Amino acid sequence: MLFDLTDLRLFIYIAELKSLTRAAERMHLSLAAASNRVKEMESRFGVRLLYRENKGVQLSPAGETLLVHAQQFMQQVERMKSEMQQYNNGIKGHIRIFANTTAVTEFMPEVLGEFLARHPHVNVAMEERLNQDIVRAVQEGTADIGIVAGMNQVPGLEFLNFSTDHLVLVAAPDHPLAAAGSTSFASTLEYEHIGLHEGSTLQHFLTRIVAESGQQLKLRIQVRSFEAMCRMIAAKVGIGVLPQSVAARYAQSMGLVIVQLTEPWAARERSVVVQKLGTLPQYARELVDFICTRAGKAETEAQ
């Protein structure tokens, strides 16, 4: 074995404190024992990890590389300990979900509310990420379940389509495009837009579409939620592109107009992404089924 957890903790402390002596004290090791551990790691890796100087120690290039991996490894160990500790507190399962903006803010709260009520011993961690980051996380095992829109099949992953995400233009009633019924996205670019924050999947998608066309998006303001977007649109700050299911909910209460976009990309398939559905724990497979049935039904009703 190249190292153990004590070796990694010791090495991280050495890097932080720039002192072998102080790192040994923090680890409750003798200086000789700490020095021997470092020498053994250097011998096993076949490289020098530290430069010993009068003022302390400095990491070699190899030591810097080891430090990065040691920190990542220890973070994973702490995460494992945290998740395993939950079993002592009555938690029998843990599911990690990475999802796009619409999923996180619109339909997943209701889906998880019902699912968790039926599964009190399951814990869920959900994070909003961009589509490509979601797929990468599922590939690497960082996330158990991903929820994306407009993504093609990726080798080694299973995509389960559960609904179609239609993007539409939303405008105030007296806006020049409000009476159009339908319009191209390109025709909207001469007007000022309301956008979501930079980390949102939808904003990233629209920014890419505009960049590929060689045009510019006139972003008047960016906000954190679809509701805030609609409030800005109602206040005539600008127009915005939203999922139709979201737009339909706010259009009635805020007196907004929905205009269909004519581009083919306006219709995007929503999918649950997993490595292999059959290898997920039973409770995770049940959550996938919840997402596919509840979310798909909710969007159909909204439209």
For this session: Residue by residue through the range 144-196, note down the ones that are touching a Leu at 6+ places or on another chain (Cβ under 6 Å) and either more than 22 Å from CYS230 (Cβ to Cβ) or in a loop (DSSP other than H, G, I, E, B) (or both).
Result: GLU158
For this session: Could you check how many residues of the range 220-238 are closer than 29 Å to ASN152 by Cα and crowded, with 17+ Cβ neighbours inside 10 Å?
Result: 3
For this session: Scan the range 143-157 for residues that are under 17 Å from VAL288 (Cα atoms) and surrounded by fewer than 20 Cβ atoms within 10 Å (Cβ to Cβ) and report the count.
Result: 1
Seminar exercise, completed: Given the conditions (1) out of contact with any strand residue (DSSP E or B) (no Cβ under 6 Å at 6 or more places or on another chain); (2) modelled with pLDDT of 80 or more; (3) closer than 22 Å to VAL246 by Cβ, every one holds for HIS119 apart from (3)
Exercise. Any chance the range 69-76 includes a residue that's at positive phi, surrounded by fewer than 15 Cβ atoms within 10 Å (Cβ to Cβ) and out of contact with any helix residue (DSSP H, G or I) (no Cβ under 9 Å at 6 or more places or on another chain)?
Worked result: no
Seminar exercise, completed: Going through the range 2-22 in order, the residues found to be outside any loop (DSSP other than H, G, I, E, B), within 21 Å of VAL47 (Cα to Cα) and of a type outside the set (Ser, Thr, Tyr) are LEU5, ASP7, LEU8, ARG9, LEU10, PHE11, ILE12, ILE14, ALA15, GLU16, LEU20
Seminar exercise, completed: For ILE233, the lone unmet condition from (1) within 30 Å of ALA117 (Cβ to Cβ); (2) modelled with pLDDT of 90 or more is (1)
Exercise. Would a scan of the range 249-267 turn up a residue that is at pLDDT below 90, surrounded by 21 or more Cβ atoms within 10 Å (Cβ to Cβ) and not small (Gly, Ala, Ser)?
Worked result: no
For this session: Just need a number here: residues in the range 28-59 that are outside any helix (DSSP H, G or I), exposed (fewer than 13 other Cβ atoms within 10 Å of the Cβ) and more than 40 Å from the chain's Cα centre (by Cα).
Result: 5
Exercise. Going by the structure shown, is GLN203 out of contact with any Asp or Glu (no Cβ under 6 Å at 6 or more places or on another chain) and surrounded by fewer than 17 Cβ atoms within 10 Å (Cβ to Cβ)?
Worked result: no
Exercise. Could you say which residue among PHE107, PHE98 is within 30 Å of LEU160 (Cβ to Cβ), in a helix (DSSP H, G or I), assigned by TED's automatic domain parsing to the domain that holds ASP144 and at pLDDT 85 or above?
Worked result: PHE107
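The values are calculated or read from the model by the stated rules, or taken from the named source; none is laboratory data. Note that the structure is a prediction, hence the values are computed from the model and not measured. Cβ: placed from backbone, ideal geometry, glycine included. Neighbour counts: every protein chain shown.
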